[in-house]
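The next block holds one structure in the form of structure tokens; read it before the comments.
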Amino acid sequence: MFPVIETRYQPDSFGAEVILTSVEQALQHGMPAADVAAWERDLRSRTADGEWFFCLNRFIFAARK
């Protein structure tokens with residue numbers, strides 16, 4: 001397992017990029033633009049210590065036949 005853990009918001013971080021991808025997907029799936037924009041603003045405002053936490057667990061598998 002190779003986790004990505006962020007405890008502080010940084011505009012160029014992996015977690016910040018995930019926000020952008022999530023926003024695009026939410027809009028493509030019909031969520032109201034105003035709701036998506038408010039959600040994005042809220043997430044990006046979490047810059048104070050202790051307000052931002054991002055974790056993504058990545059797994060690598062190997063298989064043989």
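Read-outs throughout are calculated quantities, based only on the coordinates presented, and are distinct from any laboratory measurement. Computed from a predicted model, the values in this text were never measured in an experiment. Don't worry about glycine lacking a Cβ; one is built from the backbone with ideal geometry, like all the others, and counts go over all protein chains shown.
For the chain, the longest principal axis of the C-alpha atoms and the axis of helix 33-44 are separated by about 70°. For the range 2-65, chymotrypsin sites (Phe, Trp or Tyr not before Pro) are listed when DSSP marks them as loop and at most 10 other Cβ atoms sit within 10 Å of their Cβ; the list is Phe59, Phe61. Placing a label point 7 Å from the Cα of Ile60 along the Cα-to-Cβ direction, the residues of the range 1-38 with a backbone N closer than 16 Å are 1-4. Helix 14-28 and the longest principal axis of the C-alpha atoms of the chain enclose an angle of approximately 70°. Between Val36 and Ile5, residue separation times 0.36 nm minus the direct Cα-Cα distance comes to 8.8 nm. Taken over the chain, the convex hull of the Cα atoms encloses 101 Å³ per residue. Approximating the spin labels as points 7 Å out from Cα along Cα→Cβ, the Phe53-to-Ile19 distance works out to 1.8 nm.
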